Amino acid sequence: MTTTAQIAPRALPSRRTRRSLGGISARTAVTVALAAYAVVSFYPFLWMVSAAFKTNSEVVSGGHLIPHHPTLQTLSDTWNKLDFFEYFTNSLKVTVLTTVLVVVVYAAASYAFAVLRFPGRRLFYRLFLALLFVPGVVTLLPIVLLESRLDILGTHWGLVLPFVNGSAPLAVLMLTNAFNTVPIELREAARMDGAGELRIFARIYLPLALPALVTIALLTAIPTWNEYQLTRISLNDPHTYTLPIALQAMQSESVVQYNSLMAAALIMVVPVIILFLCAQRYFVNGLMGAVKG
């Protein structure tokens, strides 16, 4: 005969256990939602890559992602017959010039804001940050009128200079925060050793702020490479066209060759992906440093 003392009570889940199970369920739901979002977001890229290796008739027929008869002829024809090498070179020229100028000019400006003391320093810094809230579209007309007076409208310098100017607020913000994290004792020790400001800037501050510099370079290069609005307004000579204008011209044709269009888009996207993958570690560290600053 079983007594009451022999019947073990069923243990109820503790509060900590219930909280742990709830956390696991929430993480699982978030993971599934992010995975679904990644699949939906990544599918257009896969379709673009697939179409770049198909004939136009196979693209139009649709219904399958993997090419039945993959060919490199589409990429070859797009690169050679549509003068894409010239467009690619123009985009590369504008992007490299813009990125180099942004890094050099605003690294020096940020060093001045972070380290040097001069009248109006805080005011000028706040004015730079205020530009973050100015929509770029409202400056298009003044930029075009100014470039027309300077006789650089329709040239690549007419793109580079506005792009450099537009990158100022974010570059100054991130680089000033990065330079502020450098211990002031390093600068004082270098001054005691007889180093001037330029040497301190180049030998101490720039190497320690490398993640922020790479982050600014990426955040400048990628939008510049993809820029369409100002480029469309400014450039009117086909020999100065960049890749976004070339893509738009292909879409405006009476008979669109979708395989060539996707091949051109692939040519435009691949350099950006390679650049990001090569600098990913510095990019993440630079963003983390900017948030902490």
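The values are calculated or read from the model by the stated rules, or taken from the named source; none is laboratory data. The shown structure was predicted, so the numbers you read here are calculated from the model rather than taken from an experiment. Note: ideal-geometry Cβ built from the backbone for every residue, glycine included; neighbour counts use all protein chains shown. In case anyone asks, the SASA skips ligands and DNA or RNA and just uses the protein heavy atoms, side chains included. Shrake-Rupley method; radii C 1.70, N 1.55, O 1.52, S 1.80 Å.
Find which of PHE133, VAL60, VAL102 sits farthest along the positive direction of the dipole of the chain, computed with +1 on the beta-carbon of Lys and Arg, -1 on that of Asp and Glu, about the Cα centre. Result: PHE133, furthest along the dipole toward the positive end. The three principal axes of the Cα atoms in the stretch 123-186 give end-to-end lengths of 49, 23, 16 Å, sorted in falling order. The figure for SER252 is an accessible area of roughly 80 square angstrom, using a 1.4 Å probe on the protein chains alone.
The value for the stretch 81-153 of Rg(Cα) / (2.2 N^0.38 Å) is 1.54.
Which residues does a label at ASP77 reach in the stretch 232-265, if reach means a backbone N under 16 Å from a point 7 Å past the Cα toward the Cβ? Label zone hits: 250-251, 253-265. Each Lys and Arg contributes +1 and each Asp and Glu -1, all at the Cβ; summed about the Cα centre of the stretch 99-224, the dipole is approximately 280 debye. Ligands, DNA and RNA excluded, the heavy atoms of ASP83 present near 80 Å² of accessible surface to a 1.4 Å solvent probe.
Ordering PRO162, ALA36, THR220 by the projection of their Cα atoms onto the charge dipole of the chain, which places +1 on the Cβ of Lys and Arg and -1 on the Cβ of Asp and Glu, puts ALA36 at the extreme positive end.
Anisotropy class assigned to the chain is oblate, per the alpha carbon gyration tensor with a/c at or over the 1.5 cut-off and a/b no larger than b/c. Only protein atoms count toward the accessible area here, which uses a 1.4 Å probe; on the chain, the carbon and sulfur part of that area reaches 67 percent.
Computed about its Cα centre, the charge dipole of the stretch 44-125 is approximately 660 debye, with only Lys, Arg, Asp and Glu carrying charge at their Cβ.
Peptide packing for 167-173, 123-129, 65-71, 203-209 was compared via the average number of neighbouring C-beta atoms within 10 Å per residue; ordered from the highest value, the list is 167-173, 203-209, 123-129, 65-71.
Kirkwood analysis of the Cα pair distances in the stretch 137-293 returns a hydrodynamic radius of 18.5 Å. Three principal axis extents of the stretch 40-126 based on alpha-carbon atoms, in descending order, are 68, 33, 15 Å.
With viscosity set to 1.306 mPa s and temperature to 10 °C, compute the Stokes-Einstein D of the stretch 74-206, Rh being the Kirkwood radius across alpha carbon pairs; µm²/s, no decimals. Roughly 90 µm²/s, to the nearest whole number. Taken per residue, the accessible surface of the chain reaches 62 Å², heavy atoms only and a 1.4 Å probe.
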